[in-house]
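Readers should treat all values here as calculations from the given coordinates under stated rules, not as data from a laboratory. Please read these numbers as outputs of a predicted model, since none were measured by experiment. With ideal geometry, Cβ positions are generated from the backbone for all residues, glycine too; neighbour counts draw on all protein chains shown.
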């Protein structure tokens, strides 16, 4: 899931380790990307379900998930907020693609 807002991107990737390593390799070699921070981890479940790739343009689209305090503080996002940001992207993905992305789960 890729989120765009005010010339910045936030991306959440999930899948098999080998595929993620390959994807990050492509991102690292692409000079169009300026990765500010990256966090790796695991979950007990797939946050994005069957979504192959989702995109949310927060400058043009609206969703209830992108209206809370975490969203309001988007100019101060740092890697320590990664778990909450992943959950936010999952909630946005569910609202935009409800047939592909399961409803958010309680942690």
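Per the Kirkwood definition applied to all pairs of different Cα atoms, how many angstroms is the hydrodynamic radius of the chain? Spell out each step's value before the answer.
Details: mean 1/r = 0.0686 Å⁻¹.
Averaging 1/r across every pair of different Cα atoms and inverting gives 14.6 Å.
With a 10 Å radius around each residue's Cβ, average the other Cβ atoms per peptide and rank 70-78, 34-42, highest first. Provide the component values of the computation, followed by the final result.
Numbers: 70-78: 12.6, 34-42: 9.4.
Most protected by this proxy first, the peptides run 70-78, 34-42.
Could you work out how far apart the two model spin labels at residue 80 and residue 20 are, taking each label as a point 7 Å from the Cα in the direction of the beta carbon, and quote it in nm?
With each label point 7 Å from Cα toward Cβ, the separation is 2.3 nm.
Under the classification rounded if a/c is under 1.5, otherwise prolate if a/b is larger than b/c and oblate if not, where does region 55-107 fall, given a ≥ b ≥ c as square roots of the Cα gyration tensor eigenvalues? The partial results should precede the final answer.
Details: a/c = 2.12, a/b = 1.24, b/c = 1.71.
Oblate shape, in that a/c is at least 1.5 and b/c is the bigger or equal ratio.
Quote the relative contact order of region 2-96 in percent (integer), defining contacts as alpha-carbon pairs under 8 Å separated by 6+ residues. Present the calculation step by step, with values, prior to reporting the outcome.
Details: 59 pairs, mean separation 36.1, N = 95.
Across region 2-96, relative contact order equals 38 percent.
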